[in-house]
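Visitor: My questions will all concern the structure given below.
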Amino acid sequence: VLQENLDKKLFGQHLVGKVVVKAVKGFLNNTKAKKPLALSLHGWTGTGKNFVSKIIAESIYKRGLQSKYVHQFVATLHFPHAHSINLYKDQLQSWIRGNVSICPRSLFIFDEMDKMHAGLIDSIKPFLDYYEFLDGVSYRQAIFIFLSNAGAEKITEVALDFWRNGRRREDIQLTEMQNALSVSVFNNKNSGFWHSTLIDRNLIDYFVPFLPLEYKHVKMCVRVEIESRGYVVDEDILTRIADEMTYFPREERIYSDKGCKTVDAKLDYYYDF
Ligand SMILES: Nc1ncnc2c1ncn2[C@@H]1O[C@H](COP(=O)(O)OP(=O)(O)OP(=O)(O)O)[C@@H](O)[C@H]1O
């Protein structure tokens, strides 16, 4: 189901499907996991990171994101004040501990990871590690998904390089992308990259790069949105909405600034009056 949904619903992200299916299926089928699964999704805004988390949740729990075993944190919403960091640490740790004791197969999604306080990231480190038990609780069946825009510029650079050399986007290889990211972002102490501490200790199992979306992908998103509202697709409106989005870099205008975000808001203007 996971593979099928990703193939069908996720546009322009050939690297994502491969990694996510392998990681999640492998983990769910492994009765002897030595640590919880930790995925780190990276990429430009509106390219499908939250969307993929939702598809993953739906593949594991009947109620998807609504399941009581799925927990979402948004840095700026749940942990807004730097001076309350110690309080957040305690709350977060006891929240994770409490929930994993109730259901070992819990899913934790951390959005805006690049805006999360380093101390707070440190506080979840023990849960991601290779312990059999921590205070009597095993975290080995839990799943952690981290979302961030970190590395998005490098990802775009690689994609743009391909484009400028007339090469197909689909020919971008995962290893190539990961090499580019690891040199410039992950292993660069000056990049201020949020989970350098998690990386140093090899606690992240998979890095999942999301490519910036092109005009044609935006159109696909618009089409899906129109159909999901039960309207007949008007190609004229579809094109107009995709044209209204802004694209970068300034000369070539290939990638959508906001990915597929705001597509649904634009639709309101054309359809709901
Ligand atoms: N690659 C994609 N394929 C299909 N639909 C997409 C894709 N990317 C985004 N969308 C649509 O756009 C909406 C917004 O995308 P989403 O919230 O997943 O972006 P994001 O990468 O998490 O952005 P941010 O970094 O700003 O949080 C999704 O709910 C989905 O409907």
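The values are calculated or read from the model by the stated rules, or taken from the named source; none is laboratory data. Treat the numbers as computed from the prediction; the structure is a model and nothing was measured. So basically every Cβ, Gly included, is an ideal-geometry build from the backbone, and we count neighbours across all protein chains shown.
Visitor: State whether one or more residues within region 50-59 are within 24 Å of Y206 (Cα to Cα), of a type in the set (D, E, K, R), in the same structural domain as A23 (by TED's automatic domain parsing) and away from the ligand (no atom under 16 Å from the Cβ).
Guide: Taking region 50-59 as the starting set, the residues that turn out to be within 24 Å of Y206 (Cα to Cα) are 50-59.
If we keep only those that are of a type in the set (D, E, K, R) too, we end up with 54, 58.
Checking the rest, the ones that are also in the same structural domain as A23 (by TED's automatic domain parsing) come to 54, 58.
Those still in the list that are away from the ligand (no atom under 16 Å from the Cβ) too: none.
No - not one qualifying residue is present in region 50-59.
Visitor: Out of all the residues in region 29-50, which are within 19 Å of the chain's Cα centre (by Cα) and surrounded by fewer than 21 Cβ atoms within 10 Å (Cβ to Cβ)?
Guide: T45, N50 - these are the residues of region 29-50 that are within 19 Å of the chain's Cα centre (by Cα) and surrounded by fewer than 21 Cβ atoms within 10 Å (Cβ to Cβ).
Visitor: Still on this model: Can you pull out the residues in region 113-142 that are part of a loop (DSSP other than H, G, I, E, B) and touching a Phe, Trp or Tyr at 6+ places or on another chain (Cβ under 9 Å)?
Guide: Residues of region 113-142 that are part of a loop (DSSP other than H, G, I, E, B), as a first pass: 116-117, 129-133, 135-136, 138-142.
Within region 113-142, M116, H117, D129, Y131, F133, S138, Y139, R140, Q141, A142 qualify.
Visitor: Output the residue which, of all residues in region 109-149 that are among the polar types (S, T, N, Q) and under 13 Å from the mean Cα position of the chain (by Cα), is nearest to Y206 (Cα to Cα). Don't jump to the end; show me each part of the working.
Guide: Initially, region 109-149 is screened for residues among the polar types (S, T, N, Q), giving 123, 138, 141, 148-149.
Subsequent filtering for residues that are under 13 Å from the mean Cα position of the chain (by Cα) retains 148-149.
Working: S148: 14, N149: 16 Å.
This residue is S148.
Visitor: Return only the number of the condition from (1) closer than 25 Å to P126 by Cα; (2) within 13 Å of the ligand (Cβ to nearest atom); (3) free of Cβ contacts under 8 Å to residues at least 40 places away in the same chain; (4) out of contact with any helix residue (DSSP H, G or I) (no Cβ under 7 Å at 6 or more places or on another chain) that K8 does not satisfy.
Guide: Failed condition: (1).
Visitor: Still on this structure, please answer the following. Which condition does K49 not pass, out of (1) at pLDDT below 95; (2) closer than 15 Å to F146 by Cβ, if it passes all the others?
Guide: (1) is the only condition that K49 fails.
Visitor: Scan V100, V158 and give me the residue that is more than 26 Å from G43 (Cβ to Cβ), more than 18 Å from the chain's Cα centre (by Cα) and among the hydrophobic types (A, V, I, L, M, F, W, C).
Guide: Working: V158 fails: more than 26 Å from G43 (Cβ to Cβ).
On inspection, the qualifying residue turns out to be V100.
Visitor: Name the residue, out of I60, I85, I96, that is over 28 Å from F210 (Cβ atoms) and surrounded by 14 or more Cβ atoms within 10 Å (Cβ to Cβ). Let's see the steps before the verdict.
Guide: Values: I60 fails: over 28 Å from F210 (Cβ atoms); I96 fails: over 28 Å from F210 (Cβ atoms).
Residue meeting the stated conditions: I85.
For (1) surrounded by 14 or more Cβ atoms within 10 Å (Cβ to Cβ); (2) on the phi < 0 side of the Ramachandran plot; (3) under 27 Å from the mean Cα position of the chain (by Cα); (4) within 16 Å of the ligand (Cβ to nearest atom), each residue gets a yes or a no:
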{"position": "M220", "(1), (2), (3), (4)": "yes, yes, yes, yes"}
{"position": "R223", "(1), (2), (3), (4)": "yes, yes, yes, yes"}
{"position": "E227", "(1), (2), (3), (4)": "no, yes, yes, yes"}
{"position": "V232", "(1), (2), (3), (4)": "no, yes, no, no"}
{"position": "T239", "(1), (2), (3), (4)": "no, yes, no, no"}
{"position": "M245", "(1), (2), (3), (4)": "yes, yes, yes, yes"}
{"position": "R250", "(1), (2), (3), (4)": "no, yes, yes, no"}
{"position": "K261", "(1), (2), (3), (4)": "yes, yes, yes, yes"}
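Visitor: Okay, moving on. For region 52-96, name all the residues that are assigned to a loop (DSSP other than H, G, I, E, B) and within 17 Å of F146 (Cα to Cα). Write out each step before concluding.
Guide: Narrowing region 52-96 to residues assigned to a loop (DSSP other than H, G, I, E, B): 61-63, 67-69, 79-81.
Correct list: Y69, F79.
Visitor: Output the number of residues of region 13-48 satisfying the condition of being away from the ligand (no atom under 14 Å from the Cβ) and assigned to a loop (DSSP other than H, G, I, E, B).
Guide: Count: 7.
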